[in-house]
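Q: Sharing a structure with you now.
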Amino acid sequence: MKLSKKLFYFLSFTWGALETVSGLFVGLILLLTGHKPHKWGWCWYFELGKKNWGGAEWGLVFLKDKSDSTHLKNHEFGHALQNCVLGPFMILLVNLPSTIRYWARRIWGKLGHTPKKAYDDIWFEDSATRLGTEKIREISKQEKPALKS
């Protein structure tokens, strides 16, 4: 995905503003409650809760579990990139289906069943992982300090 840092922020604050403003609000609340932000790519993230619950993205801000997972950070950053492309449709095309799918898989697992497909086997999750991983590789060649966790 050919996307410069400037274009990323421009699209995040215009076309993807609904998600970005929500994320900045979440980030502000977390800052005010003493949580420390970390930078990943062109986003900021907060670590919350226990290990292995996953993550959630809102534009420039994402939340993640306390695991040390580069894959998860790349994935959530990928959702931020999707927000630049999908803008106001992000909620209907990615966030809502992803949330429903996450909880359905979680409940299914609690009932003793193993999902037949991997988490990234649906287009919006696979796309987020792919986009985020590719862009982080590209950024890491240009901006080493931006990948501090």
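The values are calculated or read from the model by the stated rules, or taken from the named source; none is laboratory data. The structure presented is a predicted model; accordingly, all values stated were derived computationally and were not measured. Reconstructed Cβ throughout: ideal geometry from the backbone, glycine too, with neighbour counts over all protein chains shown. The accessibility values were calculated without ligands, DNA or RNA, using every heavy atom of the protein model including side chains. Shrake-Rupley method; radii C 1.70, N 1.55, O 1.52, S 1.80 Å.
Q: Return the residues of region 13-40 that are more than 13 Å from the chain's Cα centre (by Cα), open to solvent by less than 40 Å² (accessible area, probe 1.4 Å) and of a type in the set (Val, Ile, Thr); say none if nothing qualifies.
A: The answer is Val26, and nothing else.
Q: OK, next. Restricting to region 27-55, name every residue that is aromatic (Phe, Trp, Tyr) and closer than 19 Å to Phe10 by Cα. Show your work before the answer.
A: Restricting attention to region 27-55, the residues satisfying the condition of being aromatic (Phe, Trp, Tyr) are 40, 42, 44-46, 53.
Once the filter is applied, which keeps residues that are aromatic (Phe, Trp, Tyr) and closer than 19 Å to Phe10 by Cα, region 27-55 yields Trp40, Trp42, Trp44.
Q: Within region 109-133, track down each residue that is among the aliphatic types (A, V, I, L, M) and surrounded by 10 or more Cβ atoms within 10 Å (Cβ to Cβ).
A: Applying the first criterion (among the aliphatic types (A, V, I, L, M)) to region 109-133 yields 111, 118, 122, 128, 131.
Answer for region 109-133, where residues must be among the aliphatic types (A, V, I, L, M) and surrounded by 10 or more Cβ atoms within 10 Å (Cβ to Cβ): Ile122, Ala128, Leu131.
Q: Name the pairs: first residue in region 2-17 and within 12 Å of Leu81 (Cβ to Cβ), second residue in a loop (DSSP other than H, G, I, E, B) and not hydrophobic (A, V, I, L, M, F, W, C), Cβ to Cβ under 7 Å, at least 6 apart or on different chains?
A: Matching pairs, first to second residue: Ser12/Gly59; Gly16/Gly59.
Q: Name the single residue, out of those in region 41-62 being in a strand (DSSP E or B) and open to solvent by 20 Å² or more (accessible area, probe 1.4 Å), that is farthest from Gly27 (Cα to Cα).
A: From region 41-62, those in a strand (DSSP E or B) are 43-47, 55-58, 61-62; that's our starting set.
Still in the running and open to solvent by 20 Å² or more (accessible area, probe 1.4 Å): 44, 47, 55-56, 58.
On the way: Trp44: 8, Glu47: 11, Gly55: 14, Ala56: 12, Trp58: 9 Å.
Ranking the candidates gives Gly55 first.
Q: Right, here's the next one. What pairs can you find where one residue is in region 94-112 and modelled with pLDDT under 90, the other is open to solvent by 90 Å² or more (accessible area, probe 1.4 Å), and their Cβ atoms are less than 9 Å apart, with a gap of 6+ or different chains?
A: The qualifying pairs are Trp108/Thr114.
Q: Here is a list of conditions, (1) open to solvent by less than 40 Å² (accessible area, probe 1.4 Å); (2) more than 12 Å from the chain's Cα centre (by Cα); (3) not small (Gly, Ala, Ser), and Lys5 meets all of them except one; can you say which number that is?
A: The failed condition is (1).
Q: I'm checking my understanding of the structure. Among residues of region 63-108 that are outside any helix (DSSP H, G or I) and within 21 Å of Leu24 (Cβ to Cβ), which one is least open to solvent (accessible area, probe 1.4 Å)? Give the steps one after another, and end with the answer.
A: Taking region 63-108 first, the residues outside any helix (DSSP H, G or I) are 63-69.
Remaining after also requiring within 21 Å of Leu24 (Cβ to Cβ): 63-64.
Working: Leu63: 20, Lys64: 1 Å².
By that ranking, first place goes to Lys64.
Q: What are the pairs, 6+ residues apart or on separate chains, where a residue within region 20-40 that is within 22 Å of Thr70 (Cβ to Cβ) has its Cβ under 7 Å from a residue that is among the small types (Gly, Ala, Ser) and assigned to a helix (DSSP H, G or I)?
A: Pro37/Gly27; Lys39/Ala146
Q: Do we find a residue being more than 12 Å from the chain's Cα centre (by Cα) and touching a residue at least 60 places away in the same chain (Cβ under 8 Å) anywhere in region 41-55?
A: Step one: filter region 41-55 for residues more than 12 Å from the chain's Cα centre (by Cα), giving 47-53.
From what is left, the residues that are touching a residue at least 60 places away in the same chain (Cβ under 8 Å) are none.
No: zero hits.
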